[in-house]
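Visitor: This is the structure I want to talk about, given as structure tokens.
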Amino acid sequence: MEPIAYKLEAFEGPLDLLLHLIEKNKVSIYDIPIVQITDQYIEYVSAMDHEDLDLVSDFLVMAATLLDIKARMLLPKEETEEEEEDPRQELVERLLEYKKYRYMSEELRDYAVLGEQLVYRAADLPPEVVHYRPPVDLTELLGDVDIAKLKKIFDEVMRRREDRTDPVRSKFGRIRRETVQISDKITHVRAAVARGGRRSFRSLLDHGKTKMEVVVTFLAILELIKTGEIQLTEDSTRDDIIIQAPDKVPGTATDATIE
């Protein structure tokens, strides 16, 4: 059989050369014709530039391995010997592993080439998505306070307002419509919390001169709770609720500002 003529190429290592020879000879990697492949391998190594010892050394080690496998396969087996492992087994496993990693590197290289050909458009998000803010966690802001507690204090303040009203004189004269803006009360509560640190829920309601003002103050507090601008904690000693900014820490010197 005439030797296969192939172009002398630069290979990354001895395993790369072996895979090249197996593909050229169109043989199975699981049944390598070790004699044929070894002869072609040594022929290639002999034609290499032997001045670069670092390059040649790995190829020479593989050449010695192939000669060892070739010699072991040519030795006659005695009939009494048990069946031994194929001398080519370890080499086949190394070739399969190398082939797998070479295939993966080629895939990554193709992805990199394709990636250079892609052009990504700039971010173009709708305004409502850009300005979206996650909803306020009311559980964290309310803490151990519930709406029932707020309503209880509100009802107590409203009852005191009724007790202060003269049932006879209140019906005299002309009743004028009260003008209380919720925006004004929101500003008032913000200022009270910012100025005092911690404020009493009951005292904020008590400052209302009329029922309407008490109601609007209560609505303003609910709105600030919803937007996350204030935080509530229960004051069991005074049967009250404390209003403060979310970043305030209970137990500081600002406790003295509670009315």
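The values are calculated or read from the model by the stated rules, or taken from the named source; none is laboratory data. These numbers were taken from a predicted model, which means no experiment stands behind them. Neighbour counts run over all protein chains shown; Cβ positions are idealised from the backbone, glycine included.
Visitor: In segment 143-196, what count of residues is obtained for those that are outside any helix (DSSP H, G or I) and either at pLDDT below 65 or farther than 19 Å from GLY208 by Cα (or both)? Walk me through it before giving the result.
Guide: First, pick out the residues of segment 143-196 that are outside any helix (DSSP H, G or I): 143-146, 165-168, 172-181.
Subsequent filtering for residues that are either at pLDDT below 65 or farther than 19 Å from GLY208 by Cα (or both) retains 143-146, 165-168, 172-178.
Summing the residues that are outside any helix (DSSP H, G or I) and either at pLDDT below 65 or farther than 19 Å from GLY208 by Cα (or both) in segment 143-196 gives 15.
Visitor: State yes or no: is PRO127 modelled with pLDDT under 80, loosely packed, with under 10 Cβ neighbours inside 10 Å and either under 24 Å from the mean Cα position of the chain (by Cα) or not assigned by TED's automatic domain parsing to the domain that holds LEU219 (or both)? Before you say what the answer is, go through the steps one by one.
Guide: Values: modelled with pLDDT under 80: no; loosely packed, with under 10 Cβ neighbours inside 10 Å: yes; either under 24 Å from the mean Cα position of the chain (by Cα) or not assigned by TED's automatic domain parsing to the domain that holds LEU219 (or both): yes.
No.
Visitor: I would also like to ask the following. Pull up segment 182-198, narrow it to residues that are basic (Lys, Arg) and closer than 15 Å to LEU222 by Cα, then point me to the one that is nearest to the chain's Cα centre (by Cα).
Guide: The initial filter retains those residues of segment 182-198 that are basic (Lys, Arg), namely 185, 190, 195, 198.
Pick out the ones that are also closer than 15 Å to LEU222 by Cα and you get 185, 190.
Values: LYS185: 42, ARG190: 36 Å.
Of everything passing the filter in segment 182-198, ARG190 is nearest to the chain's Cα centre (by Cα).
Visitor: Would you be able to tell me the number of residues in segment 209-235 that are farther than 16 Å from LYS151 by Cα and either in contact with a Phe, Trp or Tyr (Cβ under 7 Å, 6 or more places away or on another chain) or not in a helix (DSSP H, G or I) (or both)?
Guide: Matching residues across segment 209-235 total 6.
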